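Below: one structure, written as structure tokens.
The values are calculated or read from the model by the stated rules, or taken from the named source; none is laboratory data. Computed from a predicted model, the values in this text were never measured in an experiment. Positions of Cβ are generated from backbone atoms using ideal geometry, with glycine treated the same way; all protein chains shown enter the neighbour counts. To get the accessible areas, we keep the full protein, side chains included, count just its heavy atoms, and leave off ligands, DNA and RNA. Shrake-Rupley method; radii C 1.70, N 1.55, O 1.52, S 1.80 Å.
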Amino acid sequence: MAKENNTNNTPKKPKFSSWWIYGVIIALILGFQFFGSSTFSSTEKTTTSELQEFLRNGDIKEILIITNTRQAKVFLTDEALTKDVHKNVANKPLIPASGLVPQYVLDYGDLQNFEDEIKNIKKDNNLETIVDFDTESNVLGDLLLSLLPFVVIIGIWIYLMRRMSGGAGGGAGGQIFNIGKSKAKLFDEKTDTRTSFKDVAGLEGAKEEIQEIVEFLKNPDKYTSLGGKIPKGALLVGPPGTGKTLLAKAVAGEAKVPFFSLSGSDFVEMFVGVGASRVRDLFKQAKDKSPAIIFIDEIDAIGRARGKNNFTGSNDERENTLNQLLTEMDGFGTNTNVIVLAATNRADVLDKALMRAGRFDRQIYVDLPDIRERKEIFEVHLRPIKTAETLDLDFLAKQTPGFSGADIANVCNEAALIAARKEKKAVNKQDFLDAVDRIVGGLEKKNKIITQGEKETIAFHEAGHATVSWMLEHAAPLVKVTIVPRGQSLGAAWYLPEERLIVRPDQMLDEMCATMGGRAAEKVIFNKISTGALSDLEKVTKQARAMVTIYGLNDKLGNITYYDSSGQNEYGFTKPYSEETAQKIDLEISKMIEEQYQRAIALLEKNKDKLTELANRLLEKEVIFKDDLEKIFGKRPFEKEEKILKDKKVAVEADPSAETEESK
């Protein structure tokens, strides 16, 4: 069981609260308003008419007019203080430091009119009342006013810093900020984590190794009793969407130990030393709760190889973070009860020190699913989907070659959206096919303005692809052809490529020839070519270059490759071959492409009438399928040969003497 630790589960209420800052600011503003006033709240207020009456009765000894505040202070005579009308203000105390406290105060309007009225009353009644003028300043109020902007700026700065650091800091020493604290999210046996290994379809090899790591933590004696050590780390490597993070979620759901999850970018901060501080804090929390698992997603954010592209020679904050991670994973103070899982799709850029045994003892490759694994993934994602019929999962798996688990999940969701858009009560097979087309090719654009001449060119172009691929043995079998614009393409031919682990030169050449079938058809029919073959040319150029420079499949250059699996060069500032070799490479690439182009032209010249018939049917229907090609071309030539060989094999198995007779 994990040890209880209040610091990691429920943070204590911080001793310092930002509300104190806001309270001080409000108090200063109120103080300024209070002390900035020219009178005290205990002074009796009067009106202009009452003042005139007091003046006529001879009750006023002095009137002090404050010009900057539009107020007047009224001081009564000793005789007036004995009168009943002034009994409320008769007992005002003296303040030696500032003189008498006024018995009355009033707010006047226009200064000139107020002054003239007092002069007229004095003259008419022959009074000796003193009228004086003054300006009033408040030292405390002015001081508060001058300090207020600084207090406000400091308060705003503290607020922003606390927001940027993720909240108020606390703990030992009364820290204000927790910017150096780890941002890892903790999952434990009490946390509701519903993902399990049952939710991870396919990935049998990766799942087996991950399950073994969980078993290490659940039952360590089983392995350590024989002298074995628990692996310190496992690195999940593979293309995007293959299920690396999903495997980590399954570990969080299955393991009965604390599970810390965060991203590589969570260590990155604008302040120097913060990344290393967060690494230290993360491993400290994990050690306090050991045995535990730390999962770092997208570790390439901090794990890139050190010393690259550092032209300035300055100290790199990311390198400091990586150095601290290396030390924590396998250093003098390493705790063996903490296992680190990490995921990346950029293993080629990671630092070699991070990849070595002792830090990441295992590298688990999570590859794209094969046809059997795709079927299992469809089973998982079809559980919440309401289908109209029992779907053929083998068929769906065949229709999605090269799809990752995330792509298959998107297909299922898109199929449900398409069915809902069509007001259907359930999702059927056609909805899934439409979803695959939508994801691969883009949205249909039937309202796109295309001239009749352009439409004919597109039809013959796509028919050329279909015809050449039908005639070649190793070209991918056709599924359907369409001239309905999708995404950025004006037409498309859909194939079902064979899933090969190794590819031979004749297979690659057949694929290149089929790809050049579109431009070849334009040349055969119209004796002109267009820009519509851009993507085809890009594809065959890449294939030809790979055959020559990577796979060593060219006779002229021989068994040599210029591919660097470490990713150190990749044709950066210097090429790994001479200029003379570069000319040979360019010549062989061009020669290879032109040979396949001429080969496609020859095939289409031979089957020009069938090509025209197929294009006309495509113009009529806009979408044609494999059945339409069989009606025009018949069975594929090599399929007949395969059937004959298969029949012979069955006959030999039934009667071994048949093979002897055949050999004779």
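Probing with 1.4 Å while keeping every protein chain in the model, the per residue accessible area of region 414-561 equals 52 Å². From the alpha carbon centroid of region 360-378 to that of region 275-300 is 27 Å. Relative to the Cα centre, the charge distribution of region 381-533, modelled as +1 at Lys and Arg Cβ and -1 at Asp and Glu Cβ, gives a dipole magnitude of about 600 debye. Pairs from the list Lys232/Lys352; Lys542/Lys626; Lys523/Lys608; Lys455/Lys542; Lys556/Lys591; Lys375/Lys429 with a Cα-Cα gap above 18 Å: Lys542/Lys626; Lys455/Lys542. Here is the size of region 584-635 from its Cα atoms: Rg then Dmax, 15.5, 47 Å. At the listed q of 0.13 Å⁻¹, the Debye profile of region 379-490, built from one uniform point per Cα, gives log10 I(q)/I(0) equal to -0.62.
Packing-based ranking of 507-516, 532-541 yields 507-516, 532-541, ordered from highest to lowest mean Cβ neighbour count within 10 Å. Using the average count of surrounding beta-carbon atoms within 10 Å as a protection proxy, the listed peptides 233-245, 415-427, 553-565, 198-210 rank, highest first, as 233-245, 198-210, 415-427, 553-565.
Give me the extension gain from Ser530 to Leu226: residue separation times 0.36 nm, minus the current Cα-Cα distance, reported in nm with one decimal.
On the way: separation 304, 0.36 × 304 = 109.44 nm, distance 7.06 nm.
This chain segment gains 102.4 nm when fully extended.
Restriction of the trypsin sites (Lys or Arg not before Pro) in region 427-491 to DSSP coil positions whose beta-carbon has at most 16 other beta-carbons within 10 angstrom yields Lys445, Lys446, Lys448.
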